[in-house]
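A quick write-up on the structure given underneath.
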Amino acid sequence: MATKELETKSAGSYAWAAAKNAYQYSDECRVIYTPAQRARAESFRDIVDLAYTNVLKEPTYRKKFITVKVDRGQVRDRRMAKEIDLICKERGYEKVHTAQGIIFRITK
């Protein structure tokens, strides 16, 4: 399974505008994916929610991948977290560790 470490910077006083812009960009990219791909991302998000706390309510869509973010979450169920790692390895998803939490990338 591919695991990365990212160093991201804080938006500081522009955090609200940055979040709004990111949400708008996600909506624009959502139409690139088929309903089946979106459903797969939603179901993977639900599985991640069983294993971790603080999972964002919906996936984030980008041009080349869909992300499911765990925002400063902790492991709720270790066995399920290991199963998620196996699912990621089997399907070719990426697991990225950042200062804000864990991001799972579902490539197109």
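The values are calculated or read from the model by the stated rules, or taken from the named source; none is laboratory data. This is a predicted model, so every value here is computed, not measured. Reconstructed Cβ throughout: ideal geometry from the backbone, glycine too, with neighbour counts over all protein chains shown.
Only one of (1) outside any helix (DSSP H, G or I); (2) touching a residue at least 12 places away in the same chain (Cβ under 8 Å) fails for LEU50. Which number is that?
It is condition (1) that LEU50 fails.
Just one of VAL75, VAL96, VAL70, VAL48 is touching an Asp or Glu at 6+ places or on another chain (Cβ under 8 Å) and hydrophobic (A, V, I, L, M, F, W, C); which is it?
Step by step, each of VAL75, VAL96, VAL70, VAL48 is checked, and only VAL96 is touching an Asp or Glu at 6+ places or on another chain (Cβ under 8 Å) and hydrophobic (A, V, I, L, M, F, W, C).
Only one of (1) at pLDDT 95 or above; (2) basic (Lys, Arg); (3) not in a helix (DSSP H, G or I) is not met by LYS9, so which one is it?
(1)
Quick one: ARG45 ticks every box in (1) charged (D, E, K, R); (2) surrounded by fewer than 11 Cβ atoms within 10 Å (Cβ to Cβ); (3) in contact with a Pro (Cβ under 6 Å, 6 or more places away or on another chain) bar one, so which box is it?
(2) is the only condition that ARG45 fails.
Tell me which residues, restricted to the range 64-103, are among the charged types (D, E, K, R), without any contact (Cβ under 8 Å) to a residue 40 or more places away in the chain and over 14 Å from ASP46 (Cα atoms).
Within the range 64-103, ASP71, ARG72, ARG78, ARG79, LYS82, GLU90, ARG91 meet the criteria.
Hey, can you tell me all the residues within the range 58-108 that are part of a loop (DSSP other than H, G, I, E, B), within 21 Å of TYR23 (Cα to Cα) and polar (S, T, N, Q)?
Listed by number, the residues that qualify are THR98, GLN100.
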